[in-house]
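The values are calculated or read from the model by the stated rules, or taken from the named source; none is laboratory data. These figures come from a predicted structure and were not determined experimentally. Cβ atoms come from the backbone with ideal geometry, glycine included; neighbour counts cover every protein chain shown. Surface areas here come from the heavy atoms of the whole protein model, side chains and all, with no ligands, DNA or RNA. Shrake-Rupley method; radii C 1.70, N 1.55, O 1.52, S 1.80 Å.
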Amino acid sequence: MNTKAKFIIILGLSFIAGCLSANNQGLEKAKLYSDQSIDFYQKAIREYRQALSISEDKESIKLKLGNLYYQHGDYDKAIEVLSGSTSLESRKLLAYSYYRSNDFTDALSVFNKLGDLADDEYLYYYGLTSERLNLFDRSKKLYQQIKNKQYSLLAEARIQSIDSLTQESNIRELDPYIYQIIKNSPKQEDYPQAAALILLSEEKLDVLADNTAVFERHFLVKILNDRGKSFGEIEIGYDSTDEKVELIYARTIKPDGEVANVGDKHIRDVSKYMNFPLYSNARAKIISMPEVAIGSVIEYKVRIYQSRLVNKKDFYTAYLVQESEPTISAKFTFSMPKERKLNLLNVNEKYNYFNANLSPQITEKDNKKVYYWEFKNIPEIIPEPDMPPASEIVTAFLLSSFESWEEIHKWWWNLAKDKIAINGEIKKKVAELIKDKNTDLQKAEAIHNWCVQNIRYVAVGYGEAGHEPHKAVDIFKNKYGDCKDQSVLMVGMLKEAGLEAYLVLIGTKGVFKLSEEFPALLFNHCIVVVKIKDDLIFLDPTAETVSFGDLPTADQDRKVLVFFTEEGKILTTPLLPSNQNRIEIKTKISIKEDESIQANREVATYGLFNSAQRYWLKYTMPILIEETLREKANSFSPGAELLDYKIENLEDQQKPIKLVYNFKGPEFLVKAGQARIIPNLGSVDLSYVSKEKRVYPIDLSILSEKVDVAEFVIPGNFKIRFMPESKTEDSKWLSFVNKYEVGDGKIIFTQKSVIKTLQVPQEDYQEFKKFLEGLSREINQCIVLEKTDTK
């Protein structure tokens, strides 16, 4: 290296060193000034406070101290100092402080007491406060009083934002692309079942290299009839902890092409769970579209920024190809750094009768891998009675970046494990609950029953307000929680009782089924599993009226992820057998010689029927329960009188509820000359087979058993003229028994039906329809009595 080059390098290094030295000196000065400003601020506070203690002019000192706090952003302290002050300037500053601390109600209270003042700054903040409380007409009047240029420009901007005064004459000039889409759109006669047409659904999800994400949606829907007007209320849910919603624009395009833009007065940003502060981060931006009418088109474009991915690096999303209304054009673009791996899973392809192409176009651009799908003319889902949930019949594809279920276990267990810790108060409660319990089963049952009955459930879906549970101690104290919070508390209490208990993430019925080959957050709920000897018993802490050992319908027969301490395992929740979900009805009707009746009816419920019955009886007014029983009595005998009723085992979570009632009525038999007919006793639910053909399976919901026994005491002046034959039928879907017995002046009728499968596939529908309709015809017979001469 020559000398000149060395000199230049040395000079350059010296220059850089000098710059760094100067820069460091500047930073040190900045830190010094910052420390001094904090010190002077605290000294000023101490001086003002000392002056307050000795000065007679407290009002002016409070104003100065309050202003000091205000200028430094300590609004709560400013409010504390200024509350109770009477001077005009102090009251104005108090109102500003309330506004700055987002306490708009108290701010408005102060503003309203002061009234309209000739002060532009005051009027501006008065207007802002009114606006935040949706008093848009009031805020506009306040803004219109402002004269000073500094605030008048701000006020004009607020008025424009409220009214969205940027008016475009017609969509044709404003946006020719959208105009052409609307112009060429189908009409109601083209889709006679539709309420609206999704003319365009364009969605983009971009996962960025810094593990953030941006989602964008452009949506255009045409209103065909009054049912379609429901699209006029748009709700965009988000988690304010990690997400920010930006409404780019929203507008209603009227049938004549004129545009009505959305302004601030049409938008609300609200907490979805206002009464539960623990979940205040679950929010929704609600847009009430203006001038929605038949023939109008709603258009909006929204962008959601996600500042943190799940597990700081992972994502999961689902795209539904088919909607409840026809989709004319849909586009979905997903992009991510090209070195990252994406897992894709297509679901419900058997229902892709419209032949949508589920394979994406894959390209690379700007160091990203881009996946693109496009769909045209996708028909709407035509609802059918008793059809499965959308997650089981809608063609869709799922996207996930998780590489293993163990990765999901490790991530969520780290979030949840410390929250299980309990305090002395909870330990005392556990000791109280298990004091007289001799077995682990009894201990688990006691803790389960206490939790479901005493911790109020807040129905926040898993992930809706974040994935991290709150502490068990907080849930015990507050006596409310969402599913993951209630589960954390129950696990903590079970462990304190010396039991093995674990958290469980579950996608309930209505969520896409978990696939062991596709790790993803296919969960919307959290429950508990406890190990008793060699048995794993799943418990749902949110199911208030479900007995220990049972599970709600939506929790049954689902693959779940169990969070054992060292590993996660995929297990399957039990499907309760038919005889565990049972209704037993016993009715005894004594027919008098004058044909009036005296009756007793007993309804005993088990399993999920017991849960539903308990819920109804606990949360229904007694007078309404009585009215329901009176209506039932009247269905036996018009003009019947309900004599009394009683409810057994309502508060005992583990026993079947028995509802017993007595009634009498003036008549029961149907007259036909001297013949008397006992109304048809056997019945089959034909609502399942009302359609000629089906696209989707019949969802029978649960395996169940119903036993209905009716005993008739026949008076001496009657004899049996006709008795139907007993009937027994069995199929792969259900079994059915109608049995008639006679003896000792009594007729006993028993009907027992057992549902043996959860679904009837559409390919079995015609056979199932034939079976049910044939069975209905065969049992459509009545007992006929004949009145004899009593002389």
Residue satisfying all of: in region 628-655; open to solvent by 40 Å² or more (accessible area, probe 1.4 Å), in contact with an Asp or Glu (Cβ under 9 Å, 6 or more places away or on another chain) and farther than 24 Å from ILE591 by Cα; modelled with the highest pLDDT among these | LYS655
Filtering region 652-703 down to residues that are part of a strand (DSSP E or B) and of a type in the set (Phe, Trp, Tyr) yields TYR661, PHE663
Any idea which of LEU522, LEU503 is within 15 Å of THR572 (Cα to Cα), touching a strand residue (DSSP E or B) at 6+ places or on another chain (Cβ under 7 Å), assigned to a strand (DSSP E or B) and open to solvent by less than 20 Å² (accessible area, probe 1.4 Å)?
-> LEU503
In region 289-337, which residue that is among the polar types (S, T, N, Q) and under 25 Å from THR212 (Cβ atoms) is nearest to the chain's Cα centre (by Cα)?
-> THR317
What residue, among those in region 562-607 that are in contact with a His (Cβ under 7 Å, 6 or more places away or on another chain) and in a strand (DSSP E or B), is most open to solvent (accessible area, probe 1.4 Å)?
-> GLY568
Inside region 262-292, the number of residues satisfying the requirement of being part of a loop (DSSP other than H, G, I, E, B), open to solvent by 30 Å² or more (accessible area, probe 1.4 Å) and in contact with a strand residue (DSSP E or B) (Cβ under 7 Å, 6 or more places away or on another chain) is 6
For residues in region 296-333 being in contact with a helix residue (DSSP H, G or I) (Cβ under 6 Å, 6 or more places away or on another chain) and buried (at least 20 other Cβ atoms within 10 Å of the Cβ), which is farthest from LEU345 (Cα to Cα)?
-> VAL297
Would a scan of region 618-627 turn up a residue that is closer than 30 Å to ASN414 by Cα and either in a loop (DSSP other than H, G, I, E, B) or open to solvent by less than 70 Å² (accessible area, probe 1.4 Å) (or both)?
-> no
Answer from TYR179, TYR191, TYR143 - the residue that is open to solvent by less than 70 Å² (accessible area, probe 1.4 Å), out of contact with any strand residue (DSSP E or B) (no Cβ under 7 Å at 6 or more places or on another chain) and in contact (Cβ under 8 Å) with a residue 24 or more places away in the chain | TYR179
Working carefully through the options LEU758, LEU772, find the one that is open to solvent by 40 Å² or more (accessible area, probe 1.4 Å) and out of contact with any Pro (no Cβ under 6 Å at 6 or more places or on another chain).
-> LEU758
Any chance LYS410 is in contact with a Phe, Trp or Tyr (Cβ under 9 Å, 6 or more places away or on another chain) and open to solvent by 60 Å² or more (accessible area, probe 1.4 Å) | no
Within region 214-225, is there a residue that is at pLDDT 95 or above, within 23 Å of THR333 (Cα to Cα) and touching a helix residue (DSSP H, G or I) at 6+ places or on another chain (Cβ under 6 Å)?
-> yes
Any idea how many residues of region 667-697 are of a type in the set (Ser, Thr, Tyr) and farther than 30 Å from ASN348 by Cα?
-> 1
